[in-house]
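Contents: one structure, followed by commentary.
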Amino acid sequence: MKIRVVGALFATCIVVQAAPASSQNAVQQQQRQGNAVLTLRQALQQAANASPRIEVADRNIGMADGRRQQANKLPNPTIGFEIDNFSPSNSTNVGGAETTLMLSQLIELGGKRDARVSAALGDYDAMRWEREAARLELLSETTIAFVEALSVQRRIGILDRQATALEKLVPLMQRRVEAGASSPFEVSRTQAAVGMARLERERARLSLAVARRDLAALMGRDTPDFTSVSGDFGRIVRPAALDTLIKAIDDNPQLMRWTAIRAQRDGELLVARLKPIPDVTASLGWRYYSDNGESAIRLGVSMPFPVMDRNRGGIREAQENAQKVQAERAVNRLNLLVVVAKAHDTANSQLQQLDLIRKSILPAARQTMKIIEEGYGQGRFTLLEILDAYRTVADAELMEHEALAGFHTAVATIEGLTSSPINLVRAR
């Protein structure tokens, strides 16, 4: 089997944290002091090692291995004991008692045991692929949750800077009011704007608490054991072409497992077809005649006569179950393609938005704000104009932030579905 998912993802863990040793030591020291900073590499490692989802998949593999072992076992022999011509009273119509000790063994014909083993091996391989699919899905979800936490954390920083910038306007307003150049209304209007920025910041802090708990749950933790996450949110990795991603989808464990499922169902079909073949029960016995004290060997062979039940219904069911594998795989593949195509379109759309925001909208907004700030002190602009300039810059910065968050989430989805390394958020 081409199990390359785990290797790719753990190779990613090495790439994700490219920080120098001094930075790692600082992180470890912060963890010891109860002020832990979590990196993506650490989050992925903890999720892979501690998530109960992986343990469930491991237990499913163990159960399938048990079924595989059991399928290879022969039927147990049967031992029997009989007494013939036995009467509790001395009857002239009954001779001496005859005691028989029998040992019987069912002999399966037609390769039934091999068919059971083949079906069980397919089941076992399918469980192994399901474990890889669960692992890849967990690491992808962990990355997306990490991006969400990092995104909200960065949003709080943006809102902090906006509130600080607005707070600096209040003393300027006070001086203008004292000089008679402005009305007290301008001070209260500015304070209201500061209050709105602070409110948005508090909402973002609540969202961060939720994001931290979601990330901790994926890592198998009851509560977050970290206070913040660390990563380079501005890093951009352009996704591969959609045709390349579509080809890579076929290596997803969710699709690879259908080969094993087909082998399992083919084995089950063979079991159903072999069921009407009668098995032989051979017996060997020892008989003792009490009237003369002699003994004899008894041999026997028996087999069912398959005239009432040819298992036609069971064969039909197994045939339909085996034949629908290809359709089920096609449905699974189409669903994955829809998700990866949507994520690809989203990533490219967010890149276009980022390019427009960074090259046009954000520079223009900042230049306008700088001009209005300089002219406001000279009385050339009104309060509404300067507040509008601040709001325009704030909106542009948040638009850039949302585009980055959407891009990283889309890339994490793509890389999770195509089994490629998750390297979208590198540590500083």
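The values are calculated or read from the model by the stated rules, or taken from the named source; none is laboratory data. For clarity, every value in this text was computed on a predicted model and none was experimentally measured. Heads up, the Cβs are rebuilt from the backbone with ideal geometry, glycines too, and the neighbour counts pull from every protein chain shown. Accessible surface is based on the protein model in full, side chains and every heavy atom, while ligands, DNA and RNA are left aside. Shrake-Rupley method; radii C 1.70, N 1.55, O 1.52, S 1.80 Å.
A few notes on this one:
- Dipole magnitude for the chain: computed about the Cα centre from +1 point charges on Lys and Arg Cβ and -1 point charges on Asp and Glu Cβ, it is near 1080 debye.
- Highest GNM mean-square fluctuation among Ser207, Ser360, Ser228, for the chain modelled with Cα contacts below 10 Å: Ser360.
- Sites Ala327 and Leu242 - FRET efficiency at Förster radius 30 Å, r taken between beta-carbons, to 0.05: 0.80
- Note on the chain: Rg/Rh from Cα positions, Kirkwood definition for Rh, rounded to two decimals, is 1.31.
- For the chain, a Gaussian network of Cα nodes joined below 10 Å ranks Gly267, Gly122, Gly313 by mean-square fluctuation, and the top entry is Gly313.
- If only the Cβ of Lys and Arg carry +1 and only the Cβ of Asp and Glu carry -1, the dipole of segment 180-288 around its Cα centre is close to 180 debye.
- Surface composition of segment 269-415: carbon and sulfur make up 56 percent of the accessible area, probe 1.4 Å.
- Loop-located trypsin sites (Lys or Arg not before Pro) in segment 229-335 (DSSP state not H, G, I, E or B) with no more than 11 neighbouring Cβ atoms inside 10 Å: Arg310.
- Three principal axis extents of segment 162-257 based on alpha-carbon atoms, in descending order, are 77, 38, 19 Å.
- Ordered from largest to smallest accessible area (heavy atoms of protein chains, 1.4 Å probe), the residues Met219, Met308, Met196, Met399 come out as Met308, Met196, Met399, Met219.
- Accessible area per residue in Å² at 1.4 Å probe, computed on segment 257-328: 67 Å²
- The convex hull around the C-alpha trace of segment 256-312, projected and averaged over every direction, spans 6.8 square nanometres.
- Just checking the listed ones, Ile261, Ile357, Ile249: in the Gaussian network model of the chain with Cα springs under 10 Å, the one fluctuating most is Ile357.
- Taken over the Cα atoms of segment 217-370, the convex hull encloses 281 Å³ per residue.
- Calculated from backbone phi, Karplus (6.51, -1.76, 1.60) coupling profile of segment 334-346 in Hz, x at Gly/Pro: 4, 4, 5, 5, 4, 5, 5, 5, 5, 5, 5, 5, 5
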